[in-house]
Amino acid sequence: MAAYLEANKRRRPLFLEAEDVEAEAVEVSANGASVSVNGAAPVSEPQQSESSQVAKVQPSSRTAAKRRQATIPKAVGNKSAQKKATKSVVEMLRKTPEEMIDERLSGSYQPTINAAAKSKEEKHYVDMQWALFFYECGVPFNAAAARQFQIAVEATAQFGSGYKPPTPYQLGKPLLNDAVKSTSTMREEHERSWKHYGCTLMSDGWSDRRGRHLINFLVNSPEGTYFLESVDASSEVHDANMLADLLEKRIEGIGKDKVVQVVTDNGANFKAAGKLLMERIPTIFWSPCAAHCLDLMLEDIGNLEAFKQPIARARHVKTFINRHRRILHAMREKTGGADLPLLIVLRVVDGDEKPAMPEVQTLMNHAKDKIKLSFAIQSKRRLLEKIMKIIEQC
């Protein structure tokens, strides 16, 4: 009997998996006594008798072994390896949130199978949650069109259910520090573009609620627009020399060999500063801001005597229409959302997508043709000459 049991006892495989190392095994000794392996409880004699009769040993479910294995602390390296090993093929082949959003904005995006399988009610529920967030926190609606907002939503969706958003402390301290480091890395990418293609230094002056006059400096290149810094110029006299000094200092910080153009407002002081700058640095060309030129153009046209009274009446009509939704809706249906020619040009040059100068010139020529057709009557010829003079001066 002992020889029979020895020949039919449970054997361990030649190659073991990680979890099989901890598997329970029961062996029957040659003298007929049960032996405990891996800490398993010994087999009683009646059970031994039954097993000897059927001559079989049932494999262990390994539940207890797995339970014990879970209590053993693992090294950090093993965790990382285990995480990489459990990563699915779909996750490895899936595009990053940035790539997904760029495709969506370019118009070549196709919805995923999971998104296409969702019902309209499910989509509406998610949209409503975001809408409530915007309403309760007072977030401007145009923030929903921001690229970073869409990336954040896509990243959350890829993370899956159970994502815990950052706390106020995380947003104000560690994550802010990480964002600053990321911005420094971003500047390096822009600087490579400045060196390769050249760049344009832009200035934008404005006043905040405390009455401080601030001047923002930005650098534009094929890589995009990069915010350089903001200067508080409240205590300074905004004459041509002061503005030229400010601009020259930023040019030296970027590199005179990299800056090819400076764009500022079209005010008299900025015009004079631009001329001084071109005298100091002959390789730089100064240009006025197209959007500011159009603002001044419309303002000068509105100050003409022939337009003062009609504009004042139009403001009263506009206020009345905006206060009555049904009239506003009817007006939009009748006009088809039409705008004045110069307002169309202003909207193009002041939009997020900056057009090339030939496109701006084409729009301006179209606007001038439309204005000439509107004042084709003989009695309005002198008024047309005044309008065209203002346009040509800018």
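For residue 279, work out the one condition from (1) modelled with pLDDT under 85; (2) on the phi < 0 side of the Ramachandran plot; (3) out of contact with any strand residue (DSSP E or B) (no Cβ under 8 Å at 6 or more places or on another chain) it doesn't fulfil.
In the conditions (1) modelled with pLDDT under 85; (2) on the phi < 0 side of the Ramachandran plot; (3) out of contact with any strand residue (DSSP E or B) (no Cβ under 8 Å at 6 or more places or on another chain), residue 279 misses (1) alone.
Scan 270, 227 and give me the residue that is of a type in the set (Phe, Trp, Tyr) and touching a residue at least 24 places away in the same chain (Cβ under 8 Å). Explain how you work it out, then say what you get.
Working: 227 fails: touching a residue at least 24 places away in the same chain (Cβ under 8 Å).
Of 270, 227, the one residue that is of a type in the set (Phe, Trp, Tyr) and touching a residue at least 24 places away in the same chain (Cβ under 8 Å) is 270.
I'd like to know if the stretch 164-173 contains one or more residues that are modelled with pLDDT under 95, farther than 26 Å from residue 94 by Cα and part of a loop (DSSP other than H, G, I, E, B).
yes
Report whether or not residue 155 is closer than 24 Å to residue 180 by Cα and of a type outside the set (Asp, Glu).
The answer is yes for residue 155.
Counting only residues that are exposed (fewer than 14 other Cβ atoms within 10 Å of the Cβ) and touching a Lys or Arg at 6+ places or on another chain (Cβ under 9 Å), which one in the stretch 235-282 is nearest to residue 189 (Cα to Cα)?
255
The values are calculated or read from the model by the stated rules, or taken from the named source; none is laboratory data. Because the structure is a prediction, the values reported are computed rather than measured. Glycine gets a Cβ as well: all are built from the backbone with ideal geometry, and neighbour counts include every protein chain shown.
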